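Please see the structure below; I have some questions.
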Amino acid sequence: MSQRLLGQRALVTGGSSGIGLAIAQAFHREGAHVIVADQAPPPGDLPFAPLDVSDWTSVQKTVHACGTIDILVNCAGIMHVGKLHEVDPHDFDRVQSVNARGVFLCCRAAIDGMLAAGRGNIINLASVASLIAVERRLAYCVSKGAVLALTRAIAVDYAAQGIRANAICPGTVDTPMIRGYVEHYFSHDVPGTIAALHARQPVGRMGRAEEVASLAVYLASDESTFLTGAAIPIDGGWTAK
Ligand SMILES: NC(=O)c1ccc[n+]([C@@H]2O[C@H](COP(=O)([O-])OP(=O)(O)OC[C@H]3O[C@@H](n4cnc5c(N)ncnc54)[C@H](O)[C@@H]3O)[C@@H](O)[C@H]2O)c1
């Protein structure tokens, strides 16, 4: 099997669960040296570094300990369910702090090494919520809109320095995040909520983390060298409606 990321050094935040874990495993299969950075270690034996993306000291320590990073995948994220009148301002801050500022901090810590190396590849997990309003996800939509804006700004500012930045915009993907927030916010009707989460994709099902990981491998590889500043939906047709 060809190894499309042979010898590349990749840091995957949020790599201990769900989409991040699938990306870390796929990168490893493609020959990359992968470091998972998360609050708890991943299953299996991938190298792990503890990280809180919302803490600048923690981010600097972990990113600098990794040495020069060829590929940075920002996958750490949290969900919040609520319309504007249901959002406590502290919860709003917490969601922005992890989902938006956390991506900024990790990019900020990695960019100096990428500039020195004259190359770098940043892949940010945005969401369909970066592109359209998803009902009752106000704080999450705001945070993912910011991730997309950040991705585009980085792509434009550093294209001439050999650094690419792209955003993956998944629809609903069946991960522990989804199962967790359904239990937390929709405990009165878990089966009905899961059925609705499948149904909002025109293909009639949620995505699988491995399907998102395939796109991340493509973005990380030299097959996608003309792609930067893109927001790529991978959503079973949701945003085509
Ligand atoms: N699952 C979906 O339907 C979906 C859709 C669109 C976008 N996304 C995005 O994809 C990413 C991964 O989502 P997932 O569904 O795999 O979630 P998940 O909950 O399965 O995994 C998220 C990981 O991020 C880690 N994390 C959370 N806060 C952190 C922090 N402060 N510092 C470091 N790590 C932290 C968690 O420990 C966890 O391992 C998120 O950014 C999410 O918003 C998910």
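Just so you know, all these numbers are worked out from the coordinates, no wet-lab data involved. What you see is a predicted model; the values in this text were computed from it and never measured. Here the Cβ positions follow ideal geometry from the backbone for every residue, glycine too, while neighbour counts run over all protein chains shown.
With +1 on each Lys and Arg Cβ and -1 on each Asp and Glu Cβ, how big is the dipole of the chain about its Cα centre, in debye rounded to the nearest 20?
360 debye
Taking Rh as the Kirkwood radius computed over C-alpha pairs, what is the Stokes-Einstein D of the stretch 96-180 at 20 °C in a medium of viscosity 1.002 mPa s, expressed in µm² per second?
158 µm²/s
Within a Cβ distance under 15 Å of residue 229, other residues only, what is the Lys/Arg minus Asp/Glu net charge?
That sum, taken over residues with Cβ under 15 Å, equals +1.
Could you please report the charge total around residue 95, scoring K, R as +1 and D, E as -1 over all other residues with beta-carbon less than 12 angstrom from its beta-carbon?
Taking every other residue near residue 95 into account, the sum is +1.
For the stretch 137-241, what is the charge dipole size about the Cα centre, in debye to the nearest 20, if Lys and Arg each add +1 at the Cβ and Asp and Glu each add -1 at the Cβ?
280 debye
So, one more: If only Cα atoms are counted, what is the Rg of the stretch 72-214, and what is its Dmax, in Å?
Calculated on Cα positions, Rg and Dmax stand at 16.4, 53 Å.
Moving to a separate point now. Could you pull out every whole DSSP H run in the chain that spans at least 18 Å of Cα extent along its own axis and averages -0.5 or higher on the Kyte-Doolittle scale?
Those that pass (Cα extent of 18 Å or more, hydropathy at least -0.5) are 101-117, 138-158.
Could you give me the radius of gyration and the Dmax of the stretch 1-100, taking only the C-alpha atoms into account and expressing both in angstrom?
Rg then Dmax for the stretch 1-100, in Å: 15.2, 52.
Still on this structure, I have one more. Let me check I've understood the local charge: for residue 61, count other residues with C-beta under 12 angstrom from its C-beta, Lys and Arg +1, Asp and Glu -1. What total comes out?
Taking every Cβ under 12 Å from that of residue 61, the sum is -2.
Another question, then. On a C-alpha basis, how far is the centre of the stretch 176-203 from the centre of the stretch 26-41 in Å? Whole number, if you could?
28 Å
Have a look at 28, 41, 5 and report the one farthest towards the positive end of the charge dipole of the chain, computed about the Cα centre with Cβ charges (Lys/Arg +1, Asp/Glu -1).
In the chain, that residue is 5.
Looking at the stretch 145-224, I'd like the Rg to Rh ratio, where Rg is from alpha-carbon atoms and Rh is Kirkwood's inverse mean 1/r.
Over the Cα atoms of the stretch 145-224, Rg/Rh equals 1.11.
So if I restrict to the alpha-carbon atoms in the chain, what is the Rg, and what is Dmax, the biggest pairwise distance, in Å?
Both quantities, over Cα of the chain: 17.0, 53 Å.
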